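Reading through the C-alpha cells given below for one structure.
The values are calculated or read from the model by the stated rules, or taken from the named source; none is laboratory data. Just so we're clear, the structure is a prediction, and the values are computed from it rather than from any experiment. Here the Cβ is made from the backbone with ideal geometry for all residues, glycine too, and neighbour counts use every protein chain on show.
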Ligand SMILES: NC(=O)c1ccc[n+]([C@@H]2O[C@H](COP(=O)([O-])OP(=O)(O)OC[C@H]3O[C@@H](n4cnc5c(N)ncnc54)[C@H](OP(=O)(O)O)[C@@H]3O)[C@@H](O)[C@H]2O)c1
C-alpha cells in the first residue's frame with residue numbers, strides 16, 4: 001500500500017456514544033485562512049482548495065470532522081465550507097462542533113457564552129451546517145470554575161434532540177467528573193502531544209478507563225499553537241521519521257494514536273498532500289524503543 005492509498009480505516013475505529021468513527025479524523029480550523037488561525041490580518045484560504053481537501057478527506061475514509069462556528073476568516077467559514085463540500089452528508093459522517101467561545105462578525109473574541117447563550121451557539125452551528133441536529137457538541141471552557149450550569153444547559157438541548165452526544169474541551173479532570181454527574185460525556189478534546197506533562201498523561205489514561213474518547217488538538221503544531229507547525233522539529237522526532245521514511249508530523253500523529261485505543265486524531269490542514277500523509281500516519285507502527293524515546297521528550301525540548 002502506498003501513502004496515497006491508505007485510508008482512515010487503517011487507524012482503527014472508536015464509538016462516540018452510538019456513532020462509529022475512524023481514529024484518524026480531520027480538524028477544520030486550518031481551512032479558513034493561510035497561516036495563523038484567528039489572526040486579524042489573516043489571508044483567507046483558497047475556497048476551491050478547501051472544498052477539495054474536505055472531499056478528499058471523505059474519499060480517504062475520514063468520517064470524523066471537528067469544527068466550530070468561530071472558525072472563520074474574513075471570507076471563509078469552516079462550517080459553510082463543510083456544508084458546501086459535503087452536503088448531503090454521508091450517513092457515517094460524524095461532525096463534532098464546539099461551543100462556549102464566540103467571535104463577533106469582525107472576528108473579535110466575545111466573552112464566553114452564558115448558559116442561556118449556548119442555545120444560540122448551537123442553533124448557529126445547525127444553520128451553518130444545514131442540519132437539524134448536531135452529532136457531538138463539546139463545551140469548550142477556560143479556567144477551573146464549575147461547568148455545571150453550562151453543561152446542564154447543553155444537556156437540556158440534548159434532551160430536546162438538538163444534540164446527539166456531548167463532550168468537553170480544554171478541561172481539567174474535575175470538570176469531567178462534574179459533567180458526568182449531569183449527562184454522559186463521550187469525548188474530551190484537550191491540547192496534547194509529544195512532550196505532554198505527567199498530569200496530561202494521567203488524564204488521558206483516566207478518560208480511557210472511563211470509555212471516554214481523548215481527542216488531542218495541536219498534536220502536530222505543539223507549542224506553535226494557533227501559528228501552526230514549526231518547519232524544524234526536534235532531532236529525535238526527525239530521527240524516528242527518517243527511520244520510517246515519513247515526516248515528523250506523521251510521527252507526532254502516530255505517537256498520539258499509540259497512547260490508547262480511545263485516542264482519536266483530528267489533524268488540521270489546508271494542504272492536500274499533508275491530508276494524505278496524515279491519513280497514512282494512522283497505519284504507522286512504532287516500536288517499543290521508539291515509543292520510549294518519544295515519550296521521554298519534555299515540552300521545553302519539543
Ligand atoms: N478545542 C480546542 O480548544 C481546539 C483548539 C485548537 C484546535 N482545535 C481543533 O483541533 C484541530 C487540530 O489542531 P490544529 O489544526 O491546530 O493543529 P495540528 O493538527 O496539530 O497542526 C496543524 C498545523 O500543522 C500543519 N500540518 C498539518 N499536517 C501536516 C503535515 N502532514 N506535515 C507538515 N505540517 C502539517 C498545518 O499546516 P498546513 O495547513 O500547512 O498543513 C498547521 O500548521 C483543529 O483543526 C481544530 O479542529 C481545537
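Scanning region 266-278 for residues that are more than 8 Å from the ligand (Cβ to nearest atom), in contact (Cβ under 8 Å) with a residue 24 or more places away in the chain, touching a strand residue (DSSP E or B) at 6+ places or on another chain (Cβ under 8 Å) and closer than 25 Å to residue 187 by Cβ turns up nothing. Restricting 263, 240 to residues that are modelled with pLDDT of 95 or more, within 14 Å of the ligand (Cβ to nearest atom) and buried (at least 19 other Cβ atoms within 10 Å of the Cβ) narrows the list to 263.
Could you tell me whether residue 126 is crowded, with 17+ Cβ neighbours inside 10 Å and more than 21 Å from residue 190 (Cβ to Cβ)? Outline the logic, then answer.
Values: crowded, with 17+ Cβ neighbours inside 10 Å: yes; more than 21 Å from residue 190 (Cβ to Cβ): yes.
Spelling it out, residue 126 is indeed crowded, with 17+ Cβ neighbours inside 10 Å and more than 21 Å from residue 190 (Cβ to Cβ).
Do we find a residue being crowded, with 21+ Cβ neighbours inside 10 Å, under 26 Å from residue 13 (Cβ atoms), near the ligand (Cβ under 10 Å from one of its atoms) and in contact (Cβ under 8 Å) with a residue 12 or more places away in the chain anywhere in region 197-213? No: region 197-213 contains no residue that is crowded, with 21+ Cβ neighbours inside 10 Å, under 26 Å from residue 13 (Cβ atoms), near the ligand (Cβ under 10 Å from one of its atoms) and in contact (Cβ under 8 Å) with a residue 12 or more places away in the chain.
Could you tell me how many of the residues in region 75-111 are surrounded by 14 or more Cβ atoms within 10 Å (Cβ to Cβ), away from the ligand (no atom under 12 Å from the Cβ) and more than 20 Å from residue 11 (Cα to Cα)?
Applying the first criterion (surrounded by 14 or more Cβ atoms within 10 Å (Cβ to Cβ)) to region 75-111 yields 76-86, 89, 93-103, 107.
When the remaining residues are screened for being away from the ligand (no atom under 12 Å from the Cβ), the result is 76-77, 80-81, 83-86, 89, 93-94, 102-103, 107.
Pick out the ones that are also more than 20 Å from residue 11 (Cα to Cα) and you get 76-77, 80-81, 83-86, 89, 102-103, 107.
Here the count works out to 12.
Restricted to region 112-142, and to residues there that are part of a loop (DSSP other than H, G, I, E, B) and more than 26 Å from residue 172 (Cβ to Cβ), the residue that is farthest from the ligand (Cβ to nearest atom) is 132.
Looking only at region 48-74, residues that are part of a helix (DSSP H, G or I) and near the ligand (Cβ under 10 Å from one of its atoms) come to 1 in all.
As a summary of the residue check, residue 285 satisfies the conditions (1) within 12 Å of the ligand (Cβ to nearest atom); (2) surrounded by fewer than 23 Cβ atoms within 10 Å (Cβ to Cβ); (3) under 29 Å from residue 136 (Cβ atoms); (4) modelled with pLDDT of 95 or more except for the one numbered (1).
Beta carbons closer than 6 Å, at least 6 apart along the sequence or on distinct chains, never pair a first residue in region 18-38 that is free of Cβ contacts under 8 Å to residues at least 40 places away in the same chain and at positive phi with a second that is in a strand (DSSP E or B) and crowded, with 22+ Cβ neighbours inside 10 Å.
Here residue 141 fulfils each of the conditions (1) surrounded by fewer than 18 Cβ atoms within 10 Å (Cβ to Cβ); (2) in contact with a strand residue (DSSP E or B) (Cβ under 8 Å, 6 or more places away or on another chain) apart from (1). Among residues of region 100-119 that are on the phi > 0 side of the Ramachandran plot, those with a beta-carbon under 8 Å from a residue that is in a helix (DSSP H, G or I) at least six positions away or on a different chain give the pairs 100/118; 100/121; 100/150.
Here is the figure for region 14-33: residues that are part of a strand (DSSP E or B) and surrounded by 15 or more Cβ atoms within 10 Å (Cβ to Cβ) total 9.
Consider residue 45 carefully, then state whether it is modelled with pLDDT under 95, over 22 Å from residue 215 (Cα atoms) and within 13 Å of the ligand (Cβ to nearest atom).
Numbers: modelled with pLDDT under 95: no; over 22 Å from residue 215 (Cα atoms): yes; within 13 Å of the ligand (Cβ to nearest atom): yes.
In short, no.
Only a single criterion out of (1) crowded, with 23+ Cβ neighbours inside 10 Å; (2) farther than 23 Å from residue 281 by Cβ is not satisfied by residue 47, namely (1). Across region 55-74, what is the total count of residues that are within 15 Å of the chain's Cα centre (by Cα) and surrounded by fewer than 22 Cβ atoms within 10 Å (Cβ to Cβ)? Residues meeting the conditions: 0.
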